[in-house]
1. How would the stretch 12-169 be classified by its alpha-carbon gyration tensor: rounded, prolate or oblate, with rounded meaning a/c under 1.5 and the a/b versus b/c comparison settling the rest?
2. Any idea what the dipole of the stretch 12-169 comes to, in debye rounded to 20, about its Cα centre with Lys/Arg Cβ at +1 and Asp/Glu Cβ at -1?
3. Greater than 25 Å separation of Cα atoms is the criterion. Which listed pairs, LYS75/LYS153; LYS16/LYS114; LYS16/LYS135; LYS45/LYS75, meet it?
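Please treat every number below as a calculation from the coordinates, not as lab data. It should be emphasised that the depicted structure is a prediction, and the values quoted were computed from it without experimental measurement. Reconstructed Cβ throughout: ideal geometry from the backbone, glycine too, with neighbour counts over all protein chains shown.
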Amino acid sequence: MSDGPHRSLPMRRGWKRVAECADNRAFDAGEIAQAIGAALEQDCKGEMSRDFIDRLSRVCHEEESSLFKGQVRPKLEALRLEAGAGIGHVILDHAIRLAANGRAAGEIPMEAAKCGLIDRGGRCARQVDEHYCRKSTQARAYKVRERVEQGLKGSHIDSVARRVLNGESGKSTRQPARKRRLDDGVKLR
């Protein structure tokens with residue numbers, strides 16, 4: 001007997017924890033959202049260098065104080081090699097799109113980070129859903145998908161993006177506590 005399909009999920013530990021929480025009714029939507037925030041921070045920490053984040057912010061803030069506006073897009077394009085192939089690349093693509101659409105340079109890092117985190121959260125939710133469809137019953141997969149979507153809606157992407165940009169990633173977000181004993185069950189309201 002298996003502990004659940006989340007054990008064989010080919011994703012990082014944080015996303016396995018999200019799937020485990022979503023599969024277990026003892027975890028409410030807030031705890032799933034907390035697990036999603038922690039998983040997103042782990043992804044950023046594992047796939048983006050601190051240098052890339054600092055340079056992205058510096059380029060945008062220098063443009064904000066510059067006398068000659070409109071030079072941010074070529075500077076952002078120059079960060080392609082530093083962005084990497086993961087979530088950094090997605091955030092950089094969003095930053096370039098925002099710059100092309102005329103967004104104020106000072107707002108670009110935060111908005112790009114939020115868009116990139118939302119993209120990653122949606123992509124990982126679909127991956128969890130697909131894995132549960134293959135390894136479990138259709139009804140169970142539907143339930144997990146629904147609970148992960150609720151968690152995504154309730155996750156505080158703004159605060160996760162702020163922590164990632166400020167280098168505070170992983171300091172304040174923790175995974176929800178495991179529910180192992182009878183007294184650790186569903187919270188009574």
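1. Prolate, since a/c reaches 1.5 and a/b exceeds b/c.
2. My answer is approximately 520 debye.
3. LYS75/LYS153
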